[in-house]
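> Can you read through this structure? Questions will come right after.
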Amino acid sequence: MDTAAMRPRRSPHPDRRLTLRTYQHPNDFIAVRDFLVATYSHYRRTYNWTLERWNFSVSLARIINGTSLAAWVDQIAMWEDGEALLGVVNWEGEGHGEAFFQLAHEELPDGILQEMFDFCEARMGKSAGDHREIYLRIPPDDARRVSIAQARGFVREPWDVNEGILTLTGQIPVVLSAGFTFADGRQVSAEAKAMAHAKAFDYYDEMLYRERAIIGFAEMMLTPDYLPHFDLHVRTPHGEIAAFATLWYDERNQLGILEPVGTVPEFRKLGLGRALIAELINRAREAGTQRVNVGSDQVFYQRLGFEPRTVYEIWRKDVAR
């Protein structure tokens, strides 16, 4: 892989208006993915998305929420300077009004940020009667973006998005209850994954979402960064899926990210989730991973050694339809 080509570059003309263009799927998928990997190397923290969210968004998140690929693409825009991708505006495809800016570096001109806000306000948001509700995620230390958001009428919501961060040291003991076994992504079907996910996240009785989940997991397994070895499940003595966790591996940044993670309710309190994550962390460490992130600050993860950190503040604006 040509890492130099992936490095985020500052525009040679910092005052020049960048070129805005629409996202073209699937040709641009890897371009955005590589951009996210490169910008993580630049920021050295979760400032933009990490690669798992890009893969997860186009597959399971989009499909389970009933968002067509065309609708998902419609709320993505890219900014270039002729030789490099410098900015992306996108959503997850979940239909909750979510909006994200992915920036190559902290020094993009205000005019470009304003253009990103223009796109966001014109195209994004959740329909609510006579208006759209936009919930823009902004890193807590991005004073420039906050200033622009306030000037444009965005208001801070009283909740944040947090993550957990674990720096890897030595091997972690893996203790799996008697009779339970591990199975990786090559041994578990999309249907089995979907059923366990539906039970863990309490939508098993909603047939529409269960059917979507099967399709979503099948698509997730086809994404470029999906690795079956890091897609781990716990099987009961009777062969059911009791718990699951997928780790996405960013080799360049020696980073692992957990998404999704869940345990079927009747098998909770047995240490299955702890055993799964411990096994995945050990596998990731052997592959060269130095840090593992999870998109949660739950006490469960803190007990495993994950340190909580705020990733985004939420800024809301209601825009007339």
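> Arrange the peptides 242-254, 108-120 so that the one whose residues have, on average, the most other Cβ atoms within 10 Å appears first. Can you show the working numbers first?
Working: 242-254: 21.5, 108-120: 18.0.
Order by mean packing, descending: 242-254, 108-120.
> Tell me, what is the percent relative contact order of the chain, built from C-alpha pairs under 8 Å that lie six or more residues apart? Walk me through the numbers before you get to the answer.
Working: 587 pairs, mean separation 71.3, N = 321.
Answer for the chain is 22 percent.
> With a Förster radius of 45 Å, plug the Cβ-Cβ distance of TYR203 and GLU286 into 1/(1 + (r/R0)^6) and report the FRET value to the nearest 0.05.
Details: r = 35 Å, r/R0 = 0.77.
Efficiency at R0 = 45 Å is approximately 0.80.
> Could I ask something else about it? Which order do the peptides 284-292, 166-174 take when ranked by the mean count of other beta-carbon atoms within 10 Å per residue, highest first?
On the way: 284-292: 17.1, 166-174: 13.0.
Packing order, densest peptide first, comes out as 284-292, 166-174.
> Which of the lysines could be linked to LYS126 by a straight reach, that is with a Cα gap under 28 Å, when you skip same-chain ones fewer than 8 residues away?
Within reach: LYS199, LYS317.
> Give me a comma-separated list of calculated 3J(HN,Hα) values for segment 231-245, in order, Karplus coefficients 6.51, -1.76, 1.60 applied at θ = phi - 60°, integers in Hz, x for any Gly or Pro.
Couplings: 10, 10, 9, 10, 9, 6, x, 9, x, 6, 8, 9, 7, 8, 7 Hz.
> For segment 31-60 and segment 178-256, what is the separation of their Cα centres, given in Å?
That distance is 21 Å.
> Next up: Please list 149-162, 131-144, 298-311 highest first by mean number of surrounding beta-carbon atoms within 10 Å per residue. The partial results should precede the final answer.
Numbers: 149-162: 13.6, 131-144: 17.5, 298-311: 15.3.
The peptides rank, most packed first, as 131-144, 298-311, 149-162.
> Could I have the simple spin-label model distance between SER68 and THR19, label points 7 Å from Cα toward Cβ, reported in nm to one decimal?
Label at SER68, label at THR19, 2.9 nm between them.
> Is the shape of segment 169-289 rounded, prolate or oblate, going by the alpha carbon gyration tensor and its root eigenvalues a ≥ b ≥ c, with a/c under 1.5 for rounded and a/b larger than b/c for prolate? Each step should come with its number before you reach the end.
Values: a/c = 2.12, a/b = 1.23, b/c = 1.72.
It is oblate, given that a/c is not under 1.5 and a/b is not larger than b/c.
> Sticking with this structure for a sec: HN-Hα J couplings of segment 95-104 from phi, Karplus 6.51/-1.76/1.60, θ = phi - 60°, integer Hz, Gly and Pro as x?
Ordered by residue, 3J(HN,Hα) equals x, 9, x, 6, 9, 9, 10, 10, 10, 5 Hz.
> Just name one of GLY288, ALA31, ALA122: the one whose Cα is farthest towards the positive end of the charge dipole of the chain (beta-carbon charges, Lys/Arg +1, Asp/Glu -1).
Going by the charge dipole, the pick is GLY288.
Values in this text are rule-based calculations from the coordinates and carry no lab data. What you see is a predicted model, and the numbers here were worked out from it, not measured in a lab. Glycine also receives a Cβ, built like all others from the backbone with ideal geometry; neighbour counts cover every protein chain displayed.
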